[in-house]
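Peer 1: Shown below is the structure under consideration.
Throughout, read-outs are computed from the coordinates displayed, never taken from laboratory work. All figures in this text were calculated on a predicted structure; none of them were measured in a lab. Every residue, glycine as well, gets a Cβ built from its backbone with ideal geometry; the counts of neighbours run over all protein chains shown.
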Amino acid sequence: MIEVGIFTVVVAHPEAPSVVVLTEKRQSDEPQLLPIWIGHSEAEAIVTLLEKQAYTRPMTHDLLANVIGALGAKVERVVIDRVKGSTFYASICLNKEGRLVTIDARPSDSIALALRANVNIYIDEDVMNAAARQFHVKVSDGGELLVGAEPEMAEFRSFIESISPEDFSR
């Protein structure tokens, strides 16, 4: 498994798919970037968590985290563990009294829950190798571009604008 962080979230208008782009946490001159298409509301939820915005009432991922805690379990990690065509699959790994419980989930919900629970996000190495794209940039631990930001960001924006879910079908 490869530990990843969120490189960026591109929130499209409500009728269009948004995308979350994950990157390897290990330092590399050519980090692997993995774009995952997600819904608008899921992208908004992830951005809200990243920006530490609070709502007066619990949102869906807050509710899920509260229910998990009320049932005596703890989120250990989330893993994006499969890709079929252009569809990614994830697992939420819970610890319930020392017993590992794995729950199938969408990557977008898993990522939002991982942010809420402050746990690591992982990608199966085979999934990363099959679906990630490399860019010649240097990325800090926090996900910022460190060198040559403008040309690489232009290349990255062009990449994001040109991809579609079908690009992940093999």
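Peer 1: Among VAL127, VAL47, what is the fewest-to-most ranking by other Cβ atoms within 10 Å? Display every interim value, and only then the final one.
Peer 2: Numbers: VAL127 21, VAL47 18.
Fewest-to-most ranking of VAL127, VAL47: VAL47, VAL127.
Peer 1: Then there is this: Got a sec? How would LEU64, LEU100 order by Cβ neighbour count within 10 Å, fewest to most?
Peer 2: On the way: LEU64 19, LEU100 9.
Going from least to most buried by this count: LEU100, LEU64.
Peer 1: In what sequence do SER41, SER91, SER18, SER110 fall when counting other Cβ within 10 Å, fewest first?
Peer 2: Numbers: SER41 14, SER91 19, SER18 22, SER110 26.
Ordered by Cβ neighbours within 10 Å, fewest first: SER41, SER91, SER18, SER110.
Peer 1: Turning to a different aspect of this structure: Would you please name the GluC sites (Glu not before Pro) within region 35-139 that are DSSP coil residues with at most 15 other C-beta atoms within 10 Å of their C-beta? All intermediate terms of the calculation are to be shown ahead of the outcome.
Peer 2: Numbers: sites: GLU42, GLU44, GLU51, GLU76, GLU97, GLU125; in loops: GLU51, GLU97.
Answer by residue number: GLU51, GLU97.
Peer 1: Let's test the formula: R0 of 35 Å, r as the Cβ-Cβ distance of ASN120 and ALA16. What FRET efficiency results, to the nearest 0.05?
Peer 2: Details: r = 30 Å, r/R0 = 0.85.
E between ASN120 and ALA16, to the nearest 0.05, is 0.75.
Peer 1: Would you please give the residues with an amide H less than 5 Å from that of ARG77, counting only those at least 5 places away or on a separate chain, with H modeled from the backbone geometry?
Peer 2: Correct list: CYS93.
Peer 1: OK, next. Thinking of region 1-134 as a set of Cα atoms, what percent of all their pairs are more than 22 Å apart?
Peer 2: On the way: 3184 of 8911 pairs.
It works out to 36 percent of all Cα pairs.
Peer 1: Quick one: which of LYS52/LYS74; LYS52/LYS96; LYS25/LYS96 span more than 25 angstrom between C-alpha atoms? Let's see the in-between values first.
Peer 2: Values: LYS52/LYS74 21 Å; LYS52/LYS96 27 Å; LYS25/LYS96 28 Å.
Among LYS52/LYS74; LYS52/LYS96; LYS25/LYS96, the Cα-Cα distance tops 25 Å for LYS52/LYS96; LYS25/LYS96.
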